[in-house]
Amino acid sequence: ELHAKPDASLWEFRGREAVHTYSSVMCWAACDRLGNAAAKLGLTDRAVEWNARAATIRATIERRAWNHTEGRFAATFEGDELDASRLQLVDVRFVSPEDPRMQATMAAVAPGLRRGPYMLRYAIPDDFGLPKTAFNFCTFWLIEAMHLSGRTGEARELFEEILGRRTAAGLLSEDITLDGHELWGN
């Protein structure tokens, strides 16, 4: 019911709502997995229902999240923004890493959001202004997407770079300064 409704996104924007592709993809993934589980359990009627819902949500996402002008998936329906959550489309099995749409999206996300080895969540102002730190989790999403796309050597190199930023206790914070010298956040 909520797959095409505005929300604050996984980034919890304050005072701004839109229909976020990531939220919609999570709704699709839930219905897809429920359909798969129902089929495995022999619950044919339930499998048909959940698979139909997943198909409807997928069609909506493909129609409204694909930006024809930019040639990639956008962060919001009918939008042109980038955010790092696009990298999760492969992990949740919405598209394959070989899908030309995913290749185009990755080709836009990395240069649009990567600052050196680090990834921003998004590069637009929020209620605190423009992002001043990178979000380590998003860098790991990039590493995973690169590996799944067959760029394992490049992914390994970036993974080792990020591991080199851990504290003496082996921990990473939520954020890191863009020069990589200071960990911020939780």
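The values are calculated or read from the model by the stated rules, or taken from the named source; none is laboratory data. Model, not experiment: these values are computed from the prediction. Using ideal geometry, Cβ is built from the backbone for each residue, glycine included, and neighbour counts are taken over all protein chains shown. These area figures cover heavy atoms from the full protein model, side chains too; ligands, DNA and RNA do not enter into them. Shrake-Rupley method; radii C 1.70, N 1.55, O 1.52, S 1.80 Å.
With surrounded by fewer than 16 Cβ atoms within 10 Å (Cβ to Cβ), of a type outside the set (A, V, I, L, M, F, W, C) and in a loop (DSSP other than H, G, I, E, B) as the only criterion, which of Glu78, Glu157 stands out?
Glu78
Cβ-Cβ distances below 8 Å connect the following pairs, each with a first residue in the range 103-120 that is touching a residue at least 12 places away in the same chain (Cβ under 8 Å), a second residue that is in a strand (DSSP E or B) and open to solvent by 60 Å² or more (accessible area, probe 1.4 Å), and a separation of six or more residues or different chains: Leu120/Arg114. Remark: pairs (first residue in the range 122-146, without any contact (Cβ under 8 Å) to a residue 24 or more places away in the chain; second residue of a type in the set (Lys, Arg) and part of a loop (DSSP other than H, G, I, E, B); Cβ separation under 8 Å; 6+ apart in sequence or on different chains) = Pro131/Arg121. Here Ala55 fulfils each of the conditions (1) more than 28 Å from Ile143 (Cα to Cα); (2) open to solvent by less than 10 Å² (accessible area, probe 1.4 Å) apart from (2).
Can you find a residue in the range 27-50 that is among the basic types (Lys, Arg), on the phi < 0 side of the Ramachandran plot, without any contact (Cβ under 8 Å) to a residue 60 or more places away in the chain and surrounded by 15 or more Cβ atoms within 10 Å (Cβ to Cβ)? Yes: the range 27-50 contains one or more residues that are among the basic types (Lys, Arg), on the phi < 0 side of the Ramachandran plot, without any contact (Cβ under 8 Å) to a residue 60 or more places away in the chain and surrounded by 15 or more Cβ atoms within 10 Å (Cβ to Cβ). Here the range 82-132 is the region considered, the condition is being in contact with a Pro (Cβ under 8 Å, 6 or more places away or on another chain) and in a loop (DSSP other than H, G, I, E, B), and the residue that is most open to solvent (accessible area, probe 1.4 Å) is Arg121. Using the structure shown, decide if Ser96 is within 29 Å of Asp179 (Cβ to Cβ) and small (Gly, Ala, Ser). Here the answer is no, as Ser96 does not meet what is asked.
Residues Ala52, Ala59: which one is closer than 30 Å to Pro111 by Cα and not charged (D, E, K, R)? Result: Ala59 is the single residue among Ala52, Ala59 that is closer than 30 Å to Pro111 by Cα and not charged (D, E, K, R). Among the residues of the range 160-172, just one is part of a loop (DSSP other than H, G, I, E, B) and either touching a residue at least 40 places away in the same chain (Cβ under 8 Å) or at positive phi (or both), namely Gly170.
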